[in-house]
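One structure is given here, and the rest of the page talks about it.
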Amino acid sequence: MDVIKKNFSLSMWLTRIIFVICYVFGRWLYLRSFSALMGDTLVYGINIYGTYWFTLLVGILSAFLSLFIIKLLATWIMRASGIYYLPMREIYLFVLLFVALKNLIVGVLSLVYYIAPVLIGWGVIVFDFVALLAASLGFYFFVDKHYVPEGNRANFFKLIFTLILAFSLFKIVIGVYSLV
Amino acid sequence: MKKIICLFIVILISIAPMAVFADSSDQYSAYDFLNDFVTACPQRVSGSEGETLAAEYIKNKFIEMGYQTEWQEFNFTIDSGTINSQNVVARMFAQNSLGQIIIGAHYDSVNVGNGANDNGSGVAVLLDIAQKIADLSLNYDVVLVAFGAEEEGFYGSSHFVTNMSMTERQSTLLMINIDSVAVGDNLYFFGEDKATALNDSLVELANSFGYSQKAYAKPLSKDLNIIYASTDIPYYHTGYASDNSVFRIAGIPTEFVFSGTFENYDSYTQTADADFWNMHTANDTLLSVNSFGVKAKENMQIVSDTLSNFLTNDDFKDIIINARADMTNDIFWQTWPAYVIYGVLLLGFSIFGFLYLRKLRKLDLLTVNQKNEKKVFESASVEDIYDLK
């Protein structure tokens, strides 16, 4: 912790690089589909959708966009929930690290598709949730241990719990809606 | 006068067989195309010179009929190296098009036999349909495709689908695949895994021409879940063992026409018929098809008559337009169990969350000072007791 605090700027850049790598690794399947779609619709006639470089480019660009969106969301959520006792810039760093962890878990679990492609249908739904739970709880316990003052633990857990619940329910509703 | 009568009789006798032949030829024109095609292109293994010659043969036929043609080259790598192949595409545009219909047949063959049944017969039917509709004004844009490299793993159809834009895919009303339609006691129309208006109409129409050979509807596959859960095609039933599967996976409604003799309705096993069941064997020759007699010619002609009638008859317009709506919702059957698992996990997490939150609230109530006070009481010393007094 002290090392991070002393070299915060360097730590932040390293975190961003880790975030981008894990993002591309964990979301490779989606990025391939998305880049195929882009190549198909925007550049019809030029066979670029199959190239890994194009997928990588799309991945890196969307990872940087996610960095920006996560910062906005994290700031807004902390303020909206009235949590002023946490150091925002350090929390943002750990948010990025644990989102990277989530993508890393998804990426590792996705490797099973190469052995058993039959699992893709279920994997994209279940693996994502398992990774989200693991990373979110990891983030909660880490921040709770190092930053949350006595008397505020329930308040902080309630925030994390509500966010996971809301996000998961939203994904279920959207997913089931897309099926019927 | 006698001489004139004799001359007339002689002429009549000499013309009569020709007239019979002409009738027969008209009745089974698809067979004529097969005869010509397999004689001209007996070897059509993927990547071979024979395959390219066959593609040129088909392209020339399309051009003779007045079609705009396209030569779609592609390559792929297998264990033996990189293979170059091509699709031949003929397009016909409607003035007021309701959408696009693709009719396809692969023209390559395996490395034994001449591929007369598999799939010279499909190519012959494709050319026969092309000839029948060439000068007609249809409600749909029609794309006739002779696919290369099917036998190696649907490479031609995959290349074709990959090159379709999203708009083109969505405007495609139907893809009909014709593969191996000469040999076999029955014709099968593989539609969806349920009865659809499209499948029923095709079977009904096929049986309405009065040929002795009969057509039947057959489900595409009983294991859509397993097949669709993959980005690839892990294993095949007959309904999926041809180029139609690539289009169906891309979300395009398909019909697959195939001739054979399945043991029963539910079975995908052909009855053992050493004389006629010749797929992927050295016996798949024109001679073998001929030995199947009129049945082979009828099988091919039923497909040609049915499909050309289906394209030109306005009665089938609504059925074709609604084919997409009749597709089985594969995604639903593929993913709903995953959402159940998701839901159970979420429920478990919710219960844990509420219990843990309750525990934390109790702990938070005991602020630092309260805890200290509690501690005082829990470990009361003599001084504390004295103070309390």
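General remarks:
- Across peptide B:342-349, the average count of Cβ atoms from other chains found within 10 Å of a residue's Cβ is 5.
- For the pair segment A:79-100 and segment B:106-173, the centres of their Cα atoms are 58 angstrom apart.
- Working from Cα pairs under 8 Å separated by at least six residues, relative contact order for chain A is 24 percent.
- Membrane-span-like helices in chain A, defined here as complete DSSP H runs extending at least 30 Å along the helix axis by their C-alpha atoms with mean Kyte-Doolittle hydropathy no lower than -0.5, are A:52-80, A:88-110, A:120-146, A:153-179; this is a sequence and geometry rule, not a statement about a membrane.
- Selected from B:MET92, B:TYR31, B:ILE58, residue furthest toward positive end of dipole (segment B:29-328; charges at beta carbon): B:MET92
- Within the shell defined by Cβ-Cβ distances under 9 Å, the residues around B:ALA124 carry a net charge of -3, with Lys and Arg each +1 and Asp and Glu each -1.
- Using the average count of surrounding beta-carbon atoms within 10 Å as a protection proxy, the listed peptides A:151-160, A:83-92 rank, highest first, as A:151-160, A:83-92.
- Relative contact order [Cα under 8 Å, 6+ residues apart], segment B:92-163, whole percent: 46 percent
- Sum of side-chain charges, B:ALA217 neighbourhood, beta-carbon under 12 Å (Lys, Arg +1; Asp, Glu -1): -2
- Take each residue in A:128-137, count the other chain C-beta atoms within 10 Å of its C-beta, and the mean is 2.
Read-outs: derived from the displayed coordinates by stated rules, not from any lab. If you're wondering where the values come from, they're calculated on a predicted model, not measured in any experiment. Counting neighbours? That spans all protein chains shown, and the Cβs are built from the backbone with ideal geometry, glycine included.
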